[in-house]
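The values are calculated or read from the model by the stated rules, or taken from the named source; none is laboratory data. Just so we're clear, the structure is a prediction, and the values are computed from it rather than from any experiment. Here the Cβ positions follow ideal geometry from the backbone for every residue, glycine too, while neighbour counts run over all protein chains shown.
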Amino acid sequence: MQAVQVQQGDGPVILAFPHVGTEVPPEVAARLNAEGRLLRDTDWYIHTLYANLIPGLTTVTATQSRYVIDLNRDPSGTSLYPGQTTTGLIPDTTFDNVPIWHQPPQAADVAHWLQAVHQPYHAALASEIARVRAKHGVAILYDCHSIRSQVPWLFPGTLPDLNIGTNTGTSCAPELQQAVSAIAAASGHTWVLNGRFKGGWTTRHYGRPEAQVHAIQMELSQISHLAAEEPPFALHPARTAHLRQTLTHILATLADLAPRLAH
């Protein structure tokens, strides 16, 4: 089983895709119920949305479903959002609080999939961060996510199209946060900075501006690029084209700013 796929680029920006995987090992699939086998909470087509937006991108892409193990969760199991509703390392439910297992995972399952999937993914990501930083003097990690626009169990109302997370400004240099926010504000999309999604474990763990590693999470509302937020989760061509223009502008700007941040 290959837990991660890496495509190396020669630029300063790394795209991480922890939740696009749809592979489920047979021993896990046999324990999921019908709802679980839909893989509803996948970040559908996000890697397609970002494909070839600018030259030189490095990509680190998960192959396994987040229902096997969630790669954007702290391996210790500590909640990212204490006091708020969220899902754990191996989710018990969908984001609508609907059970996904007829035979729920146990502590031994968490330990196994941490070793088999979580650790290899993050080892690959850390290796690419080190490689890019060695080449450019700086690495910019852009963590790519999506979620349905309305998920009452997790948040009230409708989510903005673009949800920028910088762990309240600590995971990247201020000029990067300002640049991405300015592009979002001028894009015609709704947006928010450090709203419901401030950045998951990836952003918080790797974002160390003082060490020339800058991390930003972008959580996209799925209605900004999907035809519908229900199966079969197909891309909407016009929405996708509009959003790709905005994402291209963001990534190109981050790449242009990178030399100023190198020490």
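Determine, yes or no, whether V117 is within 25 Å of T253 (Cα to Cα), touching a residue at least 12 places away in the same chain (Cβ under 8 Å) and in contact with a strand residue (DSSP E or B) (Cβ under 7 Å, 6 or more places away or on another chain). Talk me through it step by step, then tell me what you get.
Values: within 25 Å of T253 (Cα to Cα): no; touching a residue at least 12 places away in the same chain (Cβ under 8 Å): yes; in contact with a strand residue (DSSP E or B) (Cβ under 7 Å, 6 or more places away or on another chain): yes.
No; evaluated as a whole, the condition is false for this residue.
Could you please find all residues in the stretch 208-226 being small (G, A, S) and surrounded by 16 or more Cβ atoms within 10 Å (Cβ to Cβ)? Walk me through how you get there before you give the answer.
Initially, the stretch 208-226 is screened for residues small (G, A, S), giving 211, 215, 221, 224.
A215, S221, S224 - these are the residues of the stretch 208-226 that are small (G, A, S) and surrounded by 16 or more Cβ atoms within 10 Å (Cβ to Cβ).
Could you tell me how many of the residues in the stretch 205-254 are touching a Gly at 6+ places or on another chain (Cβ under 9 Å) and more than 15 Å from A184 (Cα to Cα)?
Looking only at that region, the number is 5.
Out of (1) buried (at least 21 other Cβ atoms within 10 Å of the Cβ); (2) touching a residue at least 40 places away in the same chain (Cβ under 8 Å); (3) farther than 26 Å from H263 by Cα, the odd one out for I90 is which?
Among (1) buried (at least 21 other Cβ atoms within 10 Å of the Cβ); (2) touching a residue at least 40 places away in the same chain (Cβ under 8 Å); (3) farther than 26 Å from H263 by Cα, I90 violates only (2).
Of all residues in the stretch 93-115 being closer than 16 Å to P25 by Cβ and in contact with a Gly (Cβ under 9 Å, 6 or more places away or on another chain), which is surrounded by the most Cβ atoms within 10 Å (Cβ to Cβ)?
By that ranking, first place goes to I100.
Restricting to the stretch 236-263, and then to whatever is loosely packed, with under 15 Cβ neighbours inside 10 Å and among the hydrophobic types (A, V, I, L, M, F, W, C), can you tell me which residue is modelled with the lowest pLDDT?
Among those that are loosely packed, with under 15 Cβ neighbours inside 10 Å and among the hydrophobic types (A, V, I, L, M, F, W, C), it is A262.
If a residue has to be under 16 Å from the mean Cα position of the chain (by Cα) and part of a helix (DSSP H, G or I) to count, how many in the stretch 225-249 make the cut? It would help to see each step written out before you state the result.
Initial filter on the stretch 225-249 (under 16 Å from the mean Cα position of the chain (by Cα)): 225, 247.
So of that shortlist, the ones also part of a helix (DSSP H, G or I) come out as 247.
Going through the stretch 225-249 one residue at a time, the tally reaches 1.
Sort out which residues of the stretch 209-240 are out of contact with any strand residue (DSSP E or B) (no Cβ under 8 Å at 6 or more places or on another chain) and within 21 Å of A16 (Cβ to Cβ), and write them in order of number.
Filtering the stretch 209-240 down to residues out of contact with any strand residue (DSSP E or B) (no Cβ under 8 Å at 6 or more places or on another chain) leaves 209-211, 223, 228-232, 237-238, 240.
P209, E210, A211, T240, listed by residue number.
Under 7 Å by Cβ, and 6 or more places apart or on different chains, what pairs join a residue from the stretch 173-199 that is β-branched (V, I, T) with one that is modelled with pLDDT of 95 or more and assigned to a helix (DSSP H, G or I)?
Sorted first by the residue in the stretch 173-199, then by its partner, the pairs are V180/I250; I183/T246; I183/H249; I183/I250; I183/T253.
Just checking, how many residues over the stretch 120-152 are exposed (fewer than 15 other Cβ atoms within 10 Å of the Cβ), within 22 Å of P12 (Cα to Cα) and out of contact with any strand residue (DSSP E or B) (no Cβ under 9 Å at 6 or more places or on another chain)?
4
Examine the stretch 189-206 for a residue that is within 16 Å of the chain's Cα centre (by Cα), farther than 30 Å from A262 by Cα and not in a helix (DSSP H, G or I), and state whether such a residue exists.
yes
Hey, any hits in the stretch 150-168 for a residue that's more than 18 Å from I46 (Cα to Cα) and aromatic (F, W, Y)?
Yes, the conditions are met somewhere in the stretch 150-168.
Which members of the stretch 153-182 meet the condition of being closer than 24 Å to A234 by Cβ and either surrounded by fewer than 16 Cβ atoms within 10 Å (Cβ to Cβ) or more than 18 Å from the chain's Cα centre (by Cα) (or both)? Even if it seems obvious, please write down each step before you answer.
Residues of the stretch 153-182 that are closer than 24 Å to A234 by Cβ, as a first pass: 154, 158-163.
Passing the criteria: only T158.
Going by the conditions given, is T58 within 23 Å of E230 (Cα to Cα) and either at pLDDT 95 or above or polar (S, T, N, Q) (or both)?
Numbers: within 23 Å of E230 (Cα to Cα): no; either at pLDDT 95 or above or polar (S, T, N, Q) (or both): yes.
No.
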